[in-house]
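Colleague: Starting off with a structure, shown below.
The values are calculated or read from the model by the stated rules, or taken from the named source; none is laboratory data. These numbers were taken from a predicted model, which means no experiment stands behind them. In this analysis, Cβ positions are derived from the backbone assuming ideal geometry, glycine residues included, and neighbour counts consider all displayed protein chains. Note: areas computed on protein heavy atoms with side chains; ligands, DNA, RNA excluded. Shrake-Rupley method; radii C 1.70, N 1.55, O 1.52, S 1.80 Å.
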Amino acid sequence: MLKQIFNVILNDPLSIPMRIWNELVIIWITKKHNVEVDGKLILNGKPLLDIRKGSYLSLGDRVTLNSRNQGYHINMHSPIKLFADRPGAQIRIGNNTRIHGTCIHAYELIEIGNNCLIAANCQIFDGNGHDISFPDVENRINTIGVSRPIKIEDNVWIGADSIILPGVTIGNGSVVAANSVVVEDVPSMVVVGGNPAKIIKDGSISKEH
């Protein structure tokens, strides 16, 4: 152990304060009564956690929450934001999933599976914020919208700057190309892209060389 500490001090002395900071943040997170961490939590920078009374956050083993731009391969404009602001709202993130600088806002339920990759600057939210309110548009500002749960199954890769809208399920192993807007369910083992996102490759019938 002493040898490892000595090597870190010699090779990367600036990492010591960040490591200590990350450990303190992990302790802060695990002490919250409505946050469950089932195993090791890997942090890089401090996420914005707003899990309000009556809501719940579950983090599986070896979940990575990256909120630091340094060392990340594209520019990240904000730290991770995990926001559950209504009674009964839940965010559930599975084992070995990595999330970078993304906003996840649950009105009702957002489930993210195991081994998922979510790149920077994505927006995942299960509520509309406001009703359309036609024809009573003057009242739109007073509405709070409706919610529909989001489910992201295992092994999904979501590219940078993508938006996942309410009610969507993304099937096992699928890929969402960068800058996509997903408005409807995505089957397993496909690549989708665009606004609105459409299937551009079917991985279940193609062979990689």
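Colleague: Can you tell which of 103, 145, 196 lies farthest toward the positive end of the dipole of the range 101-201, using +1 and -1 charges on the Cβ of basic and acidic side chains (Lys, Arg; Asp, Glu)?
Modeller: Final value for the positive-end residue is 196.
Colleague: At 1.4 Å probe size, what's the solvent-accessible area of residue 58? Round to the nearest 10 Å².
Modeller: 20
Colleague: Follow-up. On the first, second and third principal axes, largest extent first, how far apart are the outermost C-alpha atoms of the chain in Å?
Modeller: 68, 51, 28
Colleague: Per residue of the range 172-178, in order, report the coupling 6.51 cos²θ - 1.76 cosθ + 1.60 (Karplus, θ = phi - 60°) as ³J(HN,Hα) in whole Hz, putting x for Gly and Pro.
Modeller: 3, x, 6, 10, 9, 5, 4
Colleague: GluC sites (Glu not before Pro), restricted to the range 115-209: which are DSSP loop and have at most 14 other Cβ atoms within 10 Å?
Modeller: Sites meeting the loop and neighbour criteria: 184, 208.
Colleague: Compute the distance from the alpha-carbon center of the range 147-180 to that of the range 39-63, in whole Å.
Modeller: Using only Cα atoms to place each centre, the spacing works out to 19 Å.
Colleague: Points 7 angstrom from Cα along the Cβ direction at residue 138 and residue 195: gap in nanometres?
Modeller: Inter-label distance under the simple model: 3.2 nm.
Colleague: Pairs of lysine in the chain with Cα under 28 Å and at least 8 positions apart or on different chains: total?
Modeller: 24
Colleague: With everything on Cα atoms, drop me the angle between helix 15-30 and the longest principal axis of the chain, reported from 0 to 90° to the nearest 10.
Modeller: 50
Colleague: Let me ask something else about it. Output ³J(HN,Hα) for the range 139-155: one whole-Hz value per residue in order, computed from phi by the Karplus curve 6.51 cos²θ - 1.76 cosθ + 1.60 with θ = phi - 60°, and x for Gly and Pro.
Modeller: 8, 3, 5, 8, 8, 10, x, 10, 10, 9, x, 10, 10, 10, 6, 4, 6
Colleague: Can I ask one more? Once amide H atoms are placed 1.01 Å from N in the peptide plane, what residues at a sequence separation of 5 or more from residue 84, or on another chain, have their amide H within under 5 Å of its amide H?
Modeller: Residues meeting the criterion, in which the H sits 1.01 Å from N, are 50, 51, 52, 106.
Colleague: Something else now. Of the candidates 136, 185, 61, which one comes out as most mobile in a Gaussian network treatment of the chain with C-alpha springs shorter than 10 Å?
Modeller: 136
Colleague: While we're looking at this one, here's another question. Mind checking the angle between helix 2-11 and the chain's longest principal axis? C-alpha axes, 0 to 90 degrees, to the nearest 10.
Modeller: 70
Colleague: Moving on to the next point. With a ≥ b ≥ c taken as the square roots of the eigenvalues of the C-alpha gyration tensor of the range 167-209, please select rounded if a/c is under 1.5 and otherwise prolate if a/b is larger than b/c or oblate if it is not?
Modeller: Judged from the Cα gyration tensor, the range 167-209 comes out oblate (a/c at least 1.5, b/c at or above a/b).
Colleague: Which ³J(HN,Hα) values, rounded to whole Hz and listed in residue order, are derived for the range 70-78 from phi using the Karplus coefficients 6.51, -1.76 and 1.60 in 6.51 cos²θ - 1.76 cosθ + 1.60 with θ = phi - 60°, glycine and proline given as x?
Modeller: 4, x, 8, 7, 10, 7, 10, 8, 8
Colleague: For Cα pairs less than 8 Å apart in space and 6+ apart in sequence, what is the mean separation divided by the residue count of the chain, i.e. the relative contact order in percent?
Modeller: Worked out over the chain, it gives 11 percent.
Colleague: Would you be so kind as to identify which of 72, 166, 205 lies farthest towards the positive end of the dipole of the chain, taking Lys and Arg as +1 and Asp and Glu as -1 on Cβ and the Cα centre as origin?
Modeller: It is 72, whose Cα lies furthest towards the positive end.
Colleague: A follow-up question, please. When the helices in the chain are scored as -39500 (n - 2.57) per DSSP H run of 4 or longer and the sum is shared across all residues, what 222 nm value do you end up with, to the nearest 500 deg cm²/dmol?
Modeller: Mean residue ellipticity at 222 nm (helix-derived): -4000 deg cm²/dmol.
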